[in-house]
1. Going by what's in this entry, would LEU208 be described as touching a residue at least 60 places away in the same chain (Cβ under 8 Å), assigned to a loop (DSSP other than H, G, I, E, B) and of a type in the set (A, V, I, L, M)?
2. Can you tell me which residues in the stretch 91-101 are surrounded by 22 or more Cβ atoms within 10 Å (Cβ to Cβ) and out of contact with any Leu (no Cβ under 6 Å at 6 or more places or on another chain)?
3. How many of the residues making up the stretch 1-48 are surrounded by fewer than 17 Cβ atoms within 10 Å (Cβ to Cβ), touching a His at 6+ places or on another chain (Cβ under 9 Å) and of a type in the set (A, V, I, L, M)?
4. In this structure, does ARG181 turn out to be assigned by TED's automatic domain parsing to the domain that holds LEU279 and under 15 Å from the mean Cα position of the chain (by Cα)?
5. So which residues in the stretch 121-140 are touching a residue at least 24 places away in the same chain (Cβ under 8 Å) and either closer than 17 Å to GLN358 by Cβ or not assigned by TED's automatic domain parsing to the domain that holds SER24 (or both), if there are any at all?
6. GLU275 versus (1) crowded, with 17+ Cβ neighbours inside 10 Å; (2) within 21 Å of ALA31 (Cβ to Cβ): which is the lone unmet condition?
7. Using beta carbons and a limit of 8 Å, which pairs, at least six apart or on different chains, have the first residue in the stretch 173-187 and within 14 Å of THR337 (Cα to Cα) and the second one of a type in the set (Phe, Trp, Tyr)?
8. At pLDDT 95 or above and either farther than 21 Å from ILE292 by Cα or not assigned by TED's automatic domain parsing to the domain that holds GLU283 (or both), is that true of PHE250?
Amino acid sequence: MNISILQGAFLPVPPKRGGAIEKSWQALAEAFVQAGHHVSHVSRLCDDLPKQEIINGVHHFRIKGSEATTNPLLLKLREFAYVLRAQKILPKADILVTHAFWAPLIFNREKFGKIYVHVGRYPKGQLCLYGKAARFQVPSRSIAEAAAIELDDGLNRVCTLPYPLPFSMPVIPAVMQRPKRVLYVGRIHPEKGVLNLVKAWKSLPDFLQNEWNLRLIGPWKKEQGGGGPSFIKQVKQICGKSVEILEPIFDQNLLSEQYKQSQVFAYPSEAVRGETFGLAVLEAMSHGCVPIVSSLACFLDFIKSGKNGISMESGVHSSNHELQKCLKLLLTGDKITNLSQNAIKTAEDYTVDKVAYQFLQDFECVLNK
């Protein structure tokens, strides 16, 4: 099979600037090559990356992209120019995987292959425009339901396939041998529940704040998707000595070390239309960290509260009290070891080889139609 993957205009591959979508499709592309297929991967040209190179068998093409912006109209215009440039260099293929907004509208499916749309963001009405699309692949059941609402044929062209772990299952220390640390990795943004997390932490008994520490890692600058200077200042004002804030880490090996040095992973996101899967949570689970998450529907695909993690009960916009209660339950109880072992077992179902096989099966299904 000849497979093309067209990423969006704003991030490079390899993911030197982060990006769950970019990280996942790089791993999947390499797995497709290992399975005997030819893969062309198109992404943004930046950060001294060459225009073309082959990495682990995948042929990478890079073209001029743009910096992201908070202006939605300007964002679409910048990506339109990028997709036109991509159209000139994309090879003929059987399958074209893309999450670029304009590609399913303007690409010729006879030339570039069956159009396989990766719905990496909560749909906002655009899916009904993609009559050329052969498949809408979504990462969770909740997004499948949202996609079906926008499509005349409901779930007929929708397939739910998860993000894979973009690395092999790691060798890790036993959870109780690690520092007493609660970790958050993600954008430092109001919709991620970061402020609630810090407030809940500061309401814990003093002895727990003395024994444990909370570490926040992620981008806070607006151009990187964060909440900006005023928000990070607000967070820092209430942090205290037991809370650390680190700059974002995009190197997977360095990020892995952070997971290995933590017992609990807190991800109380409030982004009802911003979360589609929760790859950071799954990565943490693969390292034996016990997750605490909000009750967003996308997390329910792989987190079973009380078995391999904890899901807050009072809804997405959980109170500080609810989050504090979950933290206290883990930090003072004897549940961490068992939950950690179950979290690892869950993550084993999401290795890149297993997920790549599911994608290849679906590609065959699309081509046979």
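1. Values: touching a residue at least 60 places away in the same chain (Cβ under 8 Å): yes; assigned to a loop (DSSP other than H, G, I, E, B): no; of a type in the set (A, V, I, L, M): yes.
No: the conditions fail for LEU208.
2. Answer for the stretch 91-101, where residues must be surrounded by 22 or more Cβ atoms within 10 Å (Cβ to Cβ) and out of contact with any Leu (no Cβ under 6 Å at 6 or more places or on another chain): ILE95, LEU96, VAL97.
3. So the count comes out to 1.
4. On the way: assigned by TED's automatic domain parsing to the domain that holds LEU279: yes; under 15 Å from the mean Cα position of the chain (by Cα): no.
Considered against the rule, which asks whether it is assigned by TED's automatic domain parsing to the domain that holds LEU279 and under 15 Å from the mean Cα position of the chain (by Cα), ARG181 comes out as no.
5. ALA134, ARG135, GLN137, VAL138, PRO139, SER140
6. Answer for GLU275: the failing condition is (2).
7. From residues that are within 14 Å of THR337 (Cα to Cα), the pairs are LYS180/TRP212.
8. Working: at pLDDT 95 or above: no; either farther than 21 Å from ILE292 by Cα or not assigned by TED's automatic domain parsing to the domain that holds GLU283 (or both): yes.
Criteria not met by PHE250.
The values are calculated or read from the model by the stated rules, or taken from the named source; none is laboratory data. Please read all numbers here as calculations on a predicted model, not as lab measurements. Here the Cβ is made from the backbone with ideal geometry for all residues, glycine too, and neighbour counts use every protein chain on show.
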